[in-house]
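Structure first, then comments.
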Amino acid sequence: MNIFVCIKQVPDTEATLSVKDGKTINENNIKWIISPYDEYAIEEALKVKEKIPESKVTLITLGPKRCESVLRSGLAMGAENAIHIETEEYIDNKTIARAIAYAIKQEGNYNLIFIGKQAIDDDAFLTHIYIAEYLGIPVATNVTLFKYESEKVFVEREIDGGEKEKIEMTTPCVIGAAKGLNTPRYPSLMGMMKAKKIPIKKLSLQDLEIEEIDNKIIIEKLFAPAEKPQGKIIEGEIENAVKELVRVLKDEVKVL
Amino acid sequence: MANIGVYVELKEDKLKKSNKEAISLAKRSEKDVHVIIFTNNLDQHLDELKGIKNIIQIKDQDLTYQPDYYSDTIANIIKDYDLNDFIGICSAQCKDLFPRVAAKIDASLVNDCIEIDFKNNSITKPVFAGRLLAKYRVENEFKMYTIRPNIFPVQAFGSEGNPEIITKELNKKELKTKIIDIIKSDSKKIDLTEADAIVSGGRGMKEKENFKILEEIAQLLNAGVGASRAAVDAGFATSDMQVGQTGKVVNPKLYIACGISGAIQHFAGMKTSKVIVAINKDSEAPIFKKADYGIVGDLFKIVPLLKKELEKIYT
């Protein structure tokens, strides 16, 4: 089995974000992590590898030089290969997906592609489906359960109202990982030592036949939303406070 | 002539609430609105679609959602009817369906829009779980959008007389991603992303059984029941109830947070709620900085009192 996992480097969920030049975030003092949904993707790939020992897990990321850190973390978890498509420029989700799809195809045979259903920076929910469409293979998104049986994949995906869809696909296919799929492992000390020695394959967009960046979605402005004014604590005996709360909700802000 | 299309999403053959928000938005574009609806019983929806001039109905003996069939069908319709702008709801189904269509027809898609300016082709959407907003310009002949529920205002569709109805067959060319079954949720849950009111519990709920008191209030308000990540991780609530950065993004008129301390990741999922109420025994809890109204005290005393007061209004 040839398994690919696409991962993205994002700011830590607790990072304080500020905007630089009106279009990008200020990168000073940011701790970078693997996007949490991509961690579920890595874990699921490693679980498949444990079941089917001759499998090989290859990580792919796209972005500037600093993104190498997420490949090292993923290798430390247990993946054995890593590809870094290096670019310093902003490119839109479609171009990203094209580049990744091309890189996967270039590697030859591929059976399973795991990737988070969204990255927690642009929250686009697009790349995994675009990759599948460009490769012409099936894709399930928001996957919370994965099973592989003789070239068939069975997944469950969460939909609205607490319901789930059961989906069947043939390999190769793309799985968009969601919370609930598994609990990602921590890298072991030995894993970290080993990861340091694994060479990372570097590719440029030109290597992937993307000669000119033709973004159709262009960022114009990045800004902080208006802050809510400080709220009001309703003081006093709780009986009276609750009465006052209900009165305000009903008569003043009219949400009851 | 450029037209605008709206995908009407049905749930058990009923219109989802936010479809009206999408249609109202389309109307404001001043382009010819085409509504696309997958149903064999169009008659029962015509009342709700009154004022729409063009309805494209897709029929088949089996209209169970299959992403390949649906995306092939919509891709053809967008091209055939020059639907240069195409809108849907940012729901689980549209997030699965729309990117497939966008890839097939090389359209540009932005999910979770909270503002769309059709004249300047600019779109605003939350990024970094709502900690920042991004304004994008889209340069593509075909543009697609999914909109966040409960943001765009609903207005009357006007009266354009009887609609022109075009009937099409479902395009069943290829089925690669096959939905074989739907697992229903044991209780009839209100969809949090579309809910008008949500009552949420956190670690302060102490145990699973205690969520009952929230459910009782939710029933009075016709509200959904949500939970913080801490409550889900502790096993008090199921993961589909989780509100926040790694859960659902919700946008109700009223959000009542009970025993939730208010981590930044939770706030990311509910900050756009119109009114946030916090009930927590810790007066230092960050939730009070973000809530519009707060009561400091024991939720197990306050919530029953709240129920009593609400019963006076709702029964």
>> Given the criterion surrounded by 13 or more Cβ atoms within 10 Å (Cβ to Cβ), at pLDDT 95 or above and facing chain B (nearest Cβ under 9 Å), identify the matching residue among A:ILE234, A:ILE238.
In response: A:ILE234
> Could we say that B:ILE56 is modelled with pLDDT of 95 or more, β-branched (Val, Ile, Thr), assigned to a helix (DSSP H, G or I) and over 29 Å from A:ILE131 (Cα atoms) here?
Replying inline: no
> For the subset of the stretch A:115-141 comprising residues that are in contact (Cβ under 8 Å) with a residue 40 or more places away in the chain and either touching a Leu at 6+ places or on another chain (Cβ under 9 Å) or not in a loop (DSSP other than H, G, I, E, B) (or both), which member is nearest to the other protein chains (Cβ to nearest Cβ)?
Replying inline: A:ILE129
> Looking at this structure, is A:VAL153 out of contact with any Phe, Trp or Tyr (no Cβ under 6 Å at 6 or more places or on another chain), touching a residue at least 60 places away in the same chain (Cβ under 8 Å) and not in a loop (DSSP other than H, G, I, E, B)?
Replying inline: no
> In the stretch B:286-311, which residues are surrounded by 17 or more Cβ atoms within 10 Å (Cβ to Cβ), part of a helix (DSSP H, G or I) and free of Cβ contacts under 8 Å to residues at least 60 places away in the same chain?
Replying inline: B:ILE287, B:PHE288, B:LYS290, B:ILE302, B:LEU305, B:GLU309
> Picking from A:LYS221, A:LYS166, A:LYS152, which residue would you name as being within 14 Å of chain B (Cβ to nearest Cβ), of a type outside the set (Gly, Ala, Ser) and exposed (fewer than 13 other Cβ atoms within 10 Å of the Cβ)?
Replying inline: A:LYS152
>> Restricting to the stretch A:169-183, name every residue that is buried (at least 19 other Cβ atoms within 10 Å of the Cβ) and either free of Cβ contacts under 8 Å to residues at least 24 places away in the same chain or more than 7 Å from chain B (Cβ to nearest Cβ) (or both).
In response: A:PRO172, A:CYS173, A:VAL174, A:ILE175, A:GLY176, A:ALA177, A:ALA178, A:LEU181
> Any residue at all in the stretch A:38-45 that is among the acidic types (Asp, Glu), modelled with pLDDT of 95 or more and within 23 Å of B:LEU109 (Cα to Cα)?
Replying inline: yes
>> For the list (1) farther than 29 Å from A:ALA177 by Cα; (2) without any contact (Cβ under 8 Å) to a residue 24 or more places away in the chain; (3) within 21 Å of the chain's Cα centre (by Cα), I need the number of the one condition that B:ALA156 fails.
In response: (2)
>> Looking only at residues that are away from every other protein chain (no Cβ under 14 Å) and part of a strand (DSSP E or B) in the stretch B:189-242, which one is farthest from A:VAL255 (Cα to Cα)?
In response: B:GLY201
>> I need the full set of residues from the stretch A:99-143 which are at positive phi and under 14 Å from the mean Cα position of the chain (by Cα), in order please.
In response: A:ASP123, A:PHE125, A:ASN142
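From the set of residues in the stretch B:269-284 that are surrounded by fewer than 22 Cβ atoms within 10 Å (Cβ to Cβ) and of a type outside the set (D, E, K, R), which is nearest to the chain's Cα centre (by Cα)?
B:THR272
The values are calculated or read from the model by the stated rules, or taken from the named source; none is laboratory data. Just so you know, these numbers come straight off a predicted model, no measurement behind them. Cβ atoms come from the backbone with ideal geometry, glycine included; neighbour counts cover every protein chain shown.
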